[in-house]
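Structure first, then comments.
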Amino acid sequence: MSALDDLPSLARVIAAHGLSARKALGQNFLLDLNLTSKIARQAGDLTQCDVLEIGPGPGGLTRGLLMEGARHVLAIEKDARCLPALQEIAEAAPGRLTVLNADALGIDPRAHLTPPIRIVANLPYNVGTELLIRWLTPPDWPPFWQSLTLMFQREVAERIVARPGSKAYGRLALLAQWRAEARIVMHLPPEAFTPPPKVSSAVVHLTALPAPRYPADAKVLERVVAQAFNQRRKMLRAALKGAAPDIEDRLIAAGIKPTDRAETVDLERFCALARGLAEG
Ligand code: SAM
């Protein structure tokens, strides 16, 4: 038994600290510690790792990560109301939890972390998607993290692991699968959260590849993929009009028919197109 086991239930913590969920911060809390430990286990053996957790809230997942043996957890939470509850967890796990009261979109956490680093989070979906794109598109690879274990709305999770030709295939699938191995590892119904959101959720686990599957400049690939899928029903020669004066030739050189639609083009050919466009 560790002092972590003696902490009060999350329902009590929420009541004691008046942590009524705020919609604007996307607060849907996980109160079942068996479930949060199960999510923590999806991140693998954490005993030799620093974990970056974004949005700990009252600390359910934070407790799961610490109970599963994480060497150190850096938790970044925007809502200052959660700090006293998180402080209690820090006291129960001396030296293993650091909490920063900050907006995860406005802070570079790397100075507070020692490699190897894994990222685990249950975040509001718009913040989660934005952070995911940032974590996947630094100029250099491999990144500062080894893996990402992230909760998303189920529909977003399906977009991350989607294959060419499917409705869910697009920017998220291409950027995630270019530099990482991505899979859905858990499904959660709305009732797993308090208050329950309108939709189901899923946990996606992404492992950073040692090198991208195909060479390309991250910014160019990000831009061309965003433009191609912005008008996904259009043929690529129309959707990418403006990307280059001779876009039809560039498409053909990359092995893409100018009349193809973005959703039929695989990662290898998008990377070839990005390389061609980067040449100017
Ligand atoms: N991890 C907790 C759990 O699983 O029960 C809370 C999850 S709740 C879906 C999302 C958390 O992210 C909330 O605590 C919210 O205050 C926090 N949050 C929202 N936007 C944030 C941001 N930009 N930076 C850091 N934390 C944020």
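Numerical summary
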| item | result |
| --- | --- |
| Ordering of 151-161, 75-85, 10-20, 252-262 by packing [mean C-beta count within 10 Å, highest first] | 151-161, 75-85, 252-262, 10-20 |
| Over 19 Å [Cα-Cα, region 131-209], rounded percent | 37 |
| Antiparallel bridges, percent of DSSP beta bridges restricted to the chain (to nearest 5) | 45 |
| Computed E for residue 103/residue 5 - FRET, C-beta separation, R0 45 angstrom, nearest 0.05 | 0.90 |
| At 1.002 mPa s and 20 °C, Stokes diffusion of region 218-278 via Kirkwood alpha-carbon radius, µm² per second | 196 |
| Estimated vicinal HN-Hα couplings, Hz - region 41-51 in sequence order (Karplus 6.51, -1.76, 1.60; Gly, Pro = x) | 5, 5, 7, x, 6, 9, 5, 10, 10, 8, 10 |
| Stokes-Einstein D for the chain, Kirkwood Rh over Cα pairs, 4 °C, 1.567 mPa s (µm²/s) | 65 |
| Part-to-part distance (alpha-carbon centres) for region 126-186 and region 1-66, which is given in Å | 23 |
| Karplus-derived 3J(HN,Hα), 6.51/-1.76/1.60, for each residue of region 143-152, Hz, glycine and proline x | x, 6, 10, 8, 8, 10, 10, 10, 8, 9 |
| Karplus-derived HN-Hα couplings along region 31-36 (A = 6.51, B = -1.76, C = 1.60, θ = phi - 60°), whole Hz, x at Gly and Pro | 9, 8, 5, 5, 5, 5 |
| Enclosed volume per residue, in Å³, of the convex hull spanned by Cα atoms of region 72-199 | 133 |
| Footprinting exposure proxy for 198, 234, 167 (fewest neighbouring C-beta atoms within 10 Å first) | 198, 167, 234 |
| Around residue 25: net Lys/Arg minus Asp/Glu count, Cβ-Cβ under 9 Å | +2 |
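Throughout, read-outs are computed from the coordinates displayed, never taken from laboratory work. For clarity, every value in this text was computed on a predicted model and none was experimentally measured. Counting neighbours? That spans all protein chains shown, and the Cβs are built from the backbone with ideal geometry, glycine included.
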